[in-house]
Amino acid sequence: MANILDYLRWRGDLPLTASPFNAVDSLILSVLAYVPFDGVVPPSTTRKGPTIAEAAAGLAESGAAAFRDGDDRDLLAALAASERFGSMRLCAYENVIDIGREKQFAAVTALTGDGSAYVAYRGTDHTLVGWKEDFNMSFMTPVPAQEAAVAYLERVASGLRGRLRLGGHSKGGNLAVYAASFCRPRTQRRVSAVYNNDGPGFDASVIARDGYRNVQDRIRSFVPQSSIIGMLLEHAERYTVVQSTESGLMQHDPYSWSVLGTDFITVQQVTDESLFVDRTLKEWVGAMEPAQRELFIDAVFDVLSATEAKTLSELSGDWLKSSITVAKTLRGLDEATRKVMLDALKLLFKAMRESLPAIMPSFPSSKEAKKRPKARSD
């Protein structure tokens, strides 16, 4: 199956004047937000920033850029060589990691050449603080990155004229929706579309607010058929299910999403596995008070932080040393913290037991299992 790199080979020679902006273009620009443009794209909202082709050349010349993976490097090269994207100018690059505030935020804006600007929010990177902030969404709204997303949109809106499209992949999709929902009314009126590519939802209280409802019909959500990340928390908007060439959690990878022509290949609904995980996590989170969620998440990341790893690759790089450190830290936990973690895990297993019958009707729930008579031993 073809993916976004194949799309660029097929459609890269067609400018937006010949083939209008579409959801695949949006995913591509959302992934572009993962590229480390530090020192290459200016932080100001200027229309004279480098083109994508110029930014790619600048990164190649410096040789210092640490790409998320090889696919991102290939994507940037393909974008630079294409007529459709190569001449788009980039500006307002921002990249902030604040361990103290548990904040990971990055964004870049592309002037698409059709009278609009595309505000692309970066998803979760490989840093532990980035993942910690994602988990904080289960008990905190807004998290620092969401506040930064609104401020960033207002800064771009004040510096650039014209319509605004917003988007992102993973947490970036969540940030795009949050920014569109809670920016000033005059900025919100300029937003023509918001693209959430397998990003998590929100607490129900956020969805109930007028800001979200005002922009809800402009939100375009896409999830792969075995989505896990994109099904987290609550969604009020409808979503499109995209076929993926991967399985399980790996379907979160945007390079696995199948493309045909100017659109994604879609399926009718997410898989039973996705529904099971979604139901289980919602049951689990709902069974805990926000304070309990916070204590559990803090405890988990305190244990991981004991390894002194700053990124997931560092954590897994010397997995034996990390495992030993984690085991020692777990043994050294105080009784109260150990109880918090144990209680949370018990609730998780209970949620799994209760959710499975919804996917496999023949499988008894924990309540039904308790009602069954015990087998006689005689």
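Where a number appears in this text, it was derived from the coordinates with a stated rule and is not lab data. Owing to the predicted nature of the structure, the values given are computational and were not obtained by experimental measurement. Methodologically, a virtual Cβ is constructed for each residue, glycine included, from the backbone with ideal geometry; neighbour enumeration extends over all protein chains shown.
At-a-glance table
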| quantity | calculated |
| --- | --- |
| Packing-based exposure ordering (other Cβ within 10 Å, fewest first) of TYR7, TYR121, TYR212 | TYR212, TYR7, TYR121 |
| Nitroxide proxy distance, nm - points 7 Å out along Cα→Cβ at ARG68 and LYS346 | 3.9 nm |
| Inter-label distance for LEU14 and SER247, nm, one decimal - labels placed 7 Å from Cα along Cα-to-Cβ | 3.5 nm |
| Trypsin sites (Lys or Arg not before Pro) restricted to DSSP loop in region 191-255 with at most 15 other C-beta within 10 Å | ARG209, ARG238 |
